[in-house]
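The values are calculated or read from the model by the stated rules, or taken from the named source; none is laboratory data. Since the model is a prediction, treat every value here as computed from it, not as a measurement. Here Cβ is always computed from backbone atoms with ideal geometry, including for glycine, and neighbour counts include all displayed protein chains. What goes into the accessible areas is simple: the full protein's heavy atoms, side chains included, and nothing from ligands, DNA or RNA. Shrake-Rupley method; radii C 1.70, N 1.55, O 1.52, S 1.80 Å.
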Amino acid sequence: MKSAIHLIISITLVTAVLAACQSPQTRRNIATADSLSEADPAAAINFIDSVSPAADGRRARMKMALLKAKAMNKLMQPIDSAKLKDIVDYFTDHGTANEKMLANYILGCKYFINNKIPQALQYFQESVAFADTTSNKCDYKTLHKVHIQMARILYIQYMFNDAMKENRQALEYAIKAKDTLNALITIEQEANIYSAQEKLDSSISIREKLCTLYDKYGYPKHSAICHGPLINLYLKKGNISKAKQSIDIYEKHSGLFDDKNNIQKGRETFYTMKGFYFIKTNQFDSAKIYLNKSIYNTNDFSTLEFGYKHLAKLYKNIGTIDSIAKYAELARIMNDSAYKNLFTLNLQRIRTIYDFSTIQQKTIYERDSKIKAIYSGIIICGILISVITGLISILIKKSKERKAEKTLYE
């Protein structure tokens, strides 16, 4: 009992000493770096590099290192793995709930960027486990990011129900963080999940409302970008006029096109959708131009499959039998058994880790609750022992005083 009380007292004293060791200037520097890491990551990195040598104490230096890693992660800059692991290890042992959550989230992002999906999911789950949602200081913005990343991983692995679950959790935390833009982006991801499940009406309904909401809250570019996926949805439903409206808005207002009307790298699937529109409107020459532009400017399996399928449709309309067979076969290759087998193996690993991590998260919560209850009991017992000891000391002292008075009287 005494050793447990001494341990609690020691931890409290160490924390107080560490806090006291930081000068007012260091505390101001950390606050500035924290604010910049969210609002202007590039400025945060420059600021941290300029003040880090003056940071006093290991905790202050590690805090600055964590905030720099946060800023670099937002800018998609490479982070040294060894340094990042040191940061995670330090804050796992010495950090607050928010610091532990942030450190593990950044490490998860590092693994995700390196295409190490199981490890990424593992650290995202660790991050969630460290969050203290009962605290009014909980960093809901970071917690939203963790859940949205997990939703993204599950989505690309075709685990749509799990992705939806994580996405809705992310939306809850975006709302708690009062982050309007990210709340809207999270709702948009829900529309993507519905599209992947071929629930086209639900996806269209959400996107149409989102376009209005983006404009309402002052995000016109996001509204225009939201029209991109609507093109394909409208075409699938046979609504050609609305598809044309979305194409025009996307091209004119999204900010994704250069002066030659070439789209930003990685978004070549738009060319396929526009080609699909020209097939629907019997403009076959234009369709051929855009579909070829799509397949010659991407290495993405999905975009290539999409492009080849529509080229097969195009040549079916034209009546070129050899080309129909050629592009149908190319589409099949993009979706062949070797690629699917590789995907399935990875899916099984993700499924196992996700299920295990969900159970582990519950176990950690239950364990932490028990530990908190034990420590609360220890603290209460310690206080009671101190009070009782104090009372006994007072009674002994009073007894001695009475004996002394009696002796003096006699």
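Rounded to the nearest 20 debye, the dipole magnitude of region 152-208 is 160 debye, with +1 charges on Lys and Arg beta carbons, -1 on Asp and Glu beta carbons, and the Cα centre as origin. Peptide packing for 241-249, 295-303 was compared via the average number of neighbouring C-beta atoms within 10 Å per residue; ordered from the highest value, the list is 241-249, 295-303. Site pair K116 and D80 shows an inter-label distance of 1.7 nm when each label is modelled 7 Å from Cα along Cα→Cβ.
Residues K74, K221, K110, ordered by accessible area of protein heavy atoms at a 1.4 angstrom probe radius and largest first, appear as K221, K74, K110. When only the Cβ of Lys, Arg, Asp and Glu is charged (+1, +1, -1, -1), the dipole of region 266-340 relative to its Cα centre reaches about 200 debye.
Note on surface exposure: H147, H253 rank H253, H147 by accessible area, highest first, 1.4 Å probe. Among the protein heavy atoms, those of I113 account for about 90 Å² of accessible surface (1.4 Å probe, every chain in place). Tally Lys/Arg at +1 and Asp/Glu at -1 over every other residue whose Cβ is under 11 Å from the Cβ of N261; what's the total? Taking every other residue near N261 into account, the sum is +1. A 1.4 Å probe run over the protein chains yields, for region 141-298, 48 Å² of accessible area per residue, whole-number rounding.
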